[in-house]
Amino acid sequence: MTDIIDIETDILIVGAGPVGLALAGDLGWREISCLVVEQSDGTIVQPRQDLVGVRTMEFCRRWGIVADVEAAPYPRDYPQDNIYIAGGLVQGWEIGRYENPPMAGEKPLPQSPQHRERCPQNMFDPVLRKFAESRPGVSLRYRHRFLGVEQFDDHVVARIEDIGTNQILFVRARYLVGCDGAGSAVRTGLGIEMEGNPALTYTTNVIFRREGFEALHDKRPGYRFIFVKPEGTWATLVAINGRDQWRFSIVRASDRPRELTEDEIRAAIAEAIGIEFDYEILSVLPWTRRQLVAERFRDGRVFIAGDAAHMMSPTGGFGMNTGLGDIVDLSWKFEATLQGWGGEALLDSYEAERRPVALRNVAEASGNLGRMLSPEKSPHLLDDTDEGAAIREQTGAALAESMKREWQSLGIHLGYVYAGSPICVPDGTPAPASDASDYVQTSWPGARAPHVWLDPGWSTLDLFGRGFVLLCLDAELMDIDALCEAADAAGVPLTSVRLSKKSAVRAYERKLVLVRPDGHVAWRGDTLPDNPADLIDIIRGAGPAREGRS
């Protein structure tokens with residue numbers, strides 16, 4: 001090992017996309033030092049994400065940055081409808097529409113204090129960067145390339161290249177997290193394989209600028225247009241900034257990886273819109289839609305998160321939001337380990353908890369793709385005849401019904417449960433049903449703790465984040481001293497909160513519910529366990545009760 005160490009930090013993060021920036025912000029919020037290195041200059045040419053899901057917005061609430069997300073430049077009065085078009089936008093037919101309110105009209109559902117937001121990556125990344133840079137101990141270095149890492153018993157040393165000067169820096173950290181995307185150099189360097197389907201489609205995205213685009217056609221504005229022709233669904237058009245920029249996607253641009261010519265791109269846009277018109281092409285991105293999950297999420301002191309660990313079709317908007325779930329799970333476990341109260345098995349639980357979620361979400365995203373591509377070939381779809389009209393009506397109704405699952409996906413965003421987690425204590429009751437659309441709140445161990453309004457603007461979710469919270473929902477003021485003392489003896493931060501509001505008592509289902517720093521339930525019961533120290537050891541990753549313990 002080199003004796004030259006240029007930088008020391010607790011956590012080294014490779015990649016400054018939304019997942020890496022959010023991890024840096026959450027670590028800084030927990031007063032843990034970290035360094036983020038990113039090989040680009042941070043410019044977003046092609047936003048890869050535009051939906052900030054409801055669970056991610058709950059994290060933003062915890063971090064105090066909801067107002068920043070709401071202040072992003074995406075117009076809050078822009079319609080969010082999803083529209084199905086047979087033929088071209090100008091000459092064709094609207095055969096279905098799923099109506100969504102603009103962001104200004106979106107209201108939280110009963111299960112959450114927040115609602116989803118339309119905030120594309122080129123608007124969301126600056127919010128997360130501002131949050132990360134506001135925390136002491138967080139350092140960001142753009143145009144710095146990760147070259148490799150060497151692991152030791154209690155630290156890692158990474159080689160980082162300053163692209164501007166070609167200088168090689170040596171960074172010593174307790175842990176390293178690869179948040180460096182689908183082509184992750186961290187994952188590749190560890191030899192971690194990806195499992196699944198490496199090529200669902202070969203797609204081409206085109207961002208173009210056109211002022212007054214909506215005036216070109218007679219359809220009501222919307223967020224996303226889905227184009228169907230006799231051969232089936234073939235393209236989509238998304239209002240990428242709600243003003244003058246649009247993302248046109250040729251879903252199956254080719255049967256193999258290749259770059260389309262500008263003539264091919266312009267011909268495809270003219271076919272979808274139905275007329276020739278003037279516009280400026282800002283960027284073109286050929287990409288491969290994948291269904292892949294890493295075989296493992298950890299190698300010693302190195303972890304992977306976000307697209308480095310799972311790649312999915314964007315149908316559903318699960319990718320970035322799944323990555324944010326990764327880092328919220330991982331961050332508090334780093335805090336516990338660095339502070340000395342986390343057991344040896346705590347960091348192992350990251351993969352045990354997050355990999356099943358990734359498998360679930362990746363499969364759901366591919367299912368959404370299949371439903372979007374579901375219309376079969378219909379030679380008479382565009383005929384201006386009674387037969388053509390009947391086919392269009394049938395096709396639109398079928399698409400609207402099948403794709404409803406993509407638009408109504410609260411179960412995916414909030415309903416993931418860490419069943420079988422080594423740091424959650426089962427209570428012998430059946431696991432909640434898994435449903436992509438419907439979400440019923442539960443205090444089942446491993447589930448996200450329920451949201452209940454305690455006062456105007458104050459949710460039960462606002463209690464979580466800093467250490468464990470023991471919710472006491474008993475009218476008789478049960479004695480909880482033994483559990484609090486066991487936590488104190490192990491150094492585990494634990495606060496207790498007594499709730500008497502009837503809606504909270506109903507939602508939490510038990511008299512005692514122990515909630516983790518990430519807002520997931522660790523344990524529940526109507527009485528204290530016989531040996532509270534055993535419970536504390538399990539939830540902090542120190543394993544089950546040691547033999548002979550009194």
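The values are calculated or read from the model by the stated rules, or taken from the named source; none is laboratory data. Remember, it's a predicted structure, so these values are computed and weren't measured experimentally. Don't worry about glycine lacking a Cβ; one is built from the backbone with ideal geometry, like all the others, and counts go over all protein chains shown. Areas reflect the complete protein model, heavy atoms only, side chains present, ligands, DNA and RNA absent. Shrake-Rupley method; radii C 1.70, N 1.55, O 1.52, S 1.80 Å.
Let me make sure I get this right: for the range 409-549, a, b and c are the square roots of the gyration tensor eigenvalues over alpha carbons, sorted descending. Under 1.5 in a/c it's rounded, otherwise prolate if a/b > b/c, else oblate. Which is it? Note, shape of the range 409-549 comes out oblate. Centre-to-centre, using Cα atoms only, the range 222-246 and the range 499-521 are separated by 43 Å. When both bridge partners sit in the chain, DSSP labels roughly 70% of those beta bridges antiparallel.
Residues of the chain: accessible area per residue at 1.4 Å, in Å²?
Per-residue accessible area for the chain comes out at 41 Å².
Site pair residue 281 and residue 104 shows an inter-label distance of 3.6 nm when each label is modelled 7 Å from Cα along Cα→Cβ. Of the GluC sites (Glu not before Pro) in the range 231-263, the ones in a loop by DSSP (not H, G, I, E or B) with at most 14 other beta carbons within 10 Å are 231, 259.
For the range 411-520, run through the GluC sites (Glu not before Pro) and keep only the ones in DSSP coil with at most 13 other Cβ atoms within 10 Å of their Cβ.
Values: sites: 476, 485, 509; in loops: 476, 509.
Loop-located and lightly packed - 476.
With a ≥ b ≥ c taken as the square roots of the eigenvalues of the C-alpha gyration tensor of the range 23-127, please select rounded if a/c is under 1.5 and otherwise prolate if a/b is larger than b/c or oblate if it is not? Note, shape of the range 23-127 comes out oblate.
For the range 369-443, the set of GluC sites (Glu not before Pro) satisfying both a DSSP loop assignment and a count of at most 11 other C-beta atoms within 10 Å is given as 376.
Quick one: of the DSSP bridges fully inside the range 443-500, what percent are antiparallel, nearest 5?
Details: 3 of 8 bridges.
Of those bridges, close to 40 percent are antiparallel.
Surface calculation, 1.4 Å probe, protein heavy atoms: residue 202 sits at approximately 60 Å² accessible. Here residue 320 sits with roughly 20 square angstrom of accessible surface, probe radius 1.4 Å.
Considering only 400, 414, 446, and ranking their Cα positions along the charge dipole of the range 327-461 that arises from unit charges at the beta-carbon of Lys, Arg, Asp and Glu, the one farthest toward the positive end is 446.
Solvent-accessible surface of protein heavy atoms, probed at 1.4 angstrom with all chains present, puts 460, 43 in the order 43, 460, largest first. With the Cα gyration tensor of the range 88-137 giving a ≥ b ≥ c as the square roots of its eigenvalues, does the rule (a/c under 1.5 for rounded; else a/b larger than b/c for prolate; else oblate) give rounded, prolate or oblate? Because a/c hits 1.5 or more and a/b fails to exceed b/c, the range 88-137 counts as oblate.
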